[in-house]
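Here is the structure we will look at, set down as structure tokens.
The values are calculated or read from the model by the stated rules, or taken from the named source; none is laboratory data. Fair warning: this is a prediction, and the values are worked out from it, not measured in the lab. Positions of Cβ are generated from backbone atoms using ideal geometry, with glycine treated the same way; all protein chains shown enter the neighbour counts. Just so you know, the surface numbers come from the protein's heavy atoms only, side chains and all, with ligands and any DNA or RNA stripped out. Shrake-Rupley method; radii C 1.70, N 1.55, O 1.52, S 1.80 Å.
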Amino acid sequence: MTPKTLYDLPTPSLVLDRAKLARNLRRMADACARNGVALRPHLKTAKSIDVARMVLNDETQGIAVSTLCEAEYFASHGIRDIQYAVCITPDKLERVAAIQAGGAKVALITDNAGVARAIADANGRIDTTFYVQIEIDCGENRTGVLPDSDQVTEIARILDAAPNVDFDGVMTHAGHSYGCRSLEEIEALAETERLAAVTAAEAVRAAGIDCRTVSIGSTPTALHARHLDGVTEARAGVYMFGDVFQAQILSCTLDDLAISVLTDVSSHRPDLNHLTVDAGALALSKDRSTENVSNDVGFGLVGDIAGKIVAPQLIVTRVYQEHGLVPMCEGQRLEDYPIGRRLRIYPNHVCMTVAMYDRYYVVDSDEGNGTDIVAVWSRVNGW
Ligand SMILES: Cc1ncc(COP(=O)(O)O)c(C=O)c1O
């Protein structure tokens, strides 16, 4: 039977609110337009062609991905401009060439002269042109070369000299923006991110090498940058769905959360004044990102079947593989949550939560009571 409403679904299931998604997409598109840069939506979170179709338009054509599996999937659906935004390893080059043979361009990133040489050495062996960017570290201390280091021009020269490479520019990612707690901090970090990318691009140009792409991005910095002079594009991903953590670091509000996990109340412990739901660690993830922010929501914030947040303190405090534990908070009584009652849990870190599912059950809170399923969208998982 085709499910018609959230009452028809097995639990746990992943629910996507299309109206909230659309609003989130508009907010980021407006921020990029205001700063005069292209938006390159990062589809590492959504991993869905249906979501991509909602993001892409005449102005927004290119995407970023975090796995080659995503690159293959989106290329097979006709997307032609893809950035694989994780450092490439030489063993993946044949797979990249196979995707490009189908007509898509897959820009690669590296922060390593040895890898740049390995790409150049594939000349004559792998029949494709590799588009390669240099990853710059703007302070996250994860990957990338420092913007003012000699490695920037060293790698650029290797790539530029290689007959099988089209040197594509520089990119950086201020992932440490998730550590910011105020608008001022995010704005300052956005400027650090911008400067890192622009400084590296200028070093490349000073070496006589064209630097087409100057790519920055994380949801907080792309949304709140005061200006992006010298930058060509902003990548962002989690903004599409939002999560409780992003709401606490000012990327969105709790009203904007587009993803929730549909779950059933599965047991009562009146002696301990808690219930359990059938969404545990595998259904919600064990990410605890709100632990050190303004309001710790444990492993998720509880909403009712229509997605309305019941009480700010009604949260999943413990998870086991298939159990989530919800203690009653002030004003809530176990008897109001009979076994079988359907709830929707808003996750802490949505990227980790959605990764466990193969589809989105789509509802639309702007239509009716928001519990009718208006579409089922598939996701691609794996590497
Ligand atoms: C290289 C890179 N760019 C962009 C992003 C998007 O960041 P966000 O999800 O905060 O928008 C990520 C996220 O992991 C990333 O690793």
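When every residue of the stretch 285-295 is checked against the conditions, at least one turns out to be within 16 Å of the ligand (Cβ to nearest atom), open to solvent by 20 Å² or more (accessible area, probe 1.4 Å) and out of contact with any His (no Cβ under 8 Å at 6 or more places or on another chain). Residue count for the stretch 210-220 satisfying the condition of being open to solvent by 10 Å² or more (accessible area, probe 1.4 Å) and more than 14 Å from the ligand (Cβ to nearest atom): 2. Once the stretch 184-209 is narrowed to residues that are within 16 Å of the ligand (Cβ to nearest atom) and in contact (Cβ under 8 Å) with a residue 40 or more places away in the chain, the residue that is farthest from the chain's Cα centre (by Cα) is Ala200. Put simply, of Pro163, Pro147 the only residue that is modelled with pLDDT of 95 or more and surrounded by fewer than 16 Cβ atoms within 10 Å (Cβ to Cβ) is Pro163. Scanning the stretch 175-198 for residues that are buried (at least 24 other Cβ atoms within 10 Å of the Cβ) and in contact with a Lys or Arg (Cβ under 9 Å, 6 or more places away or on another chain) yields a count of 1. Screening the stretch 335-353 for residues that are open to solvent by 60 Å² or more (accessible area, probe 1.4 Å) and among the hydrophobic types (A, V, I, L, M, F, W, C) and picking the one that is nearest to Thr276 (Cα to Cα) gives Ile339. A residue that is surrounded by fewer than 21 Cβ atoms within 10 Å (Cβ to Cβ) and on the phi > 0 side of the Ramachandran plot cannot be found anywhere in the stretch 303-325.
Just to be sure I understand, how many residues within the stretch 230-242 are over 11 Å from the mean Cα position of the chain (by Cα) and part of a loop (DSSP other than H, G, I, E, B)? Before you say what the answer is, go through the steps one by one.
We begin by selecting, within the stretch 230-242, every residue over 11 Å from the mean Cα position of the chain (by Cα); these are 230-234.
Filter once more, keeping what is part of a loop (DSSP other than H, G, I, E, B): 230-232.
Residues in the stretch 230-242 being over 11 Å from the mean Cα position of the chain (by Cα) and part of a loop (DSSP other than H, G, I, E, B): 3 in total.
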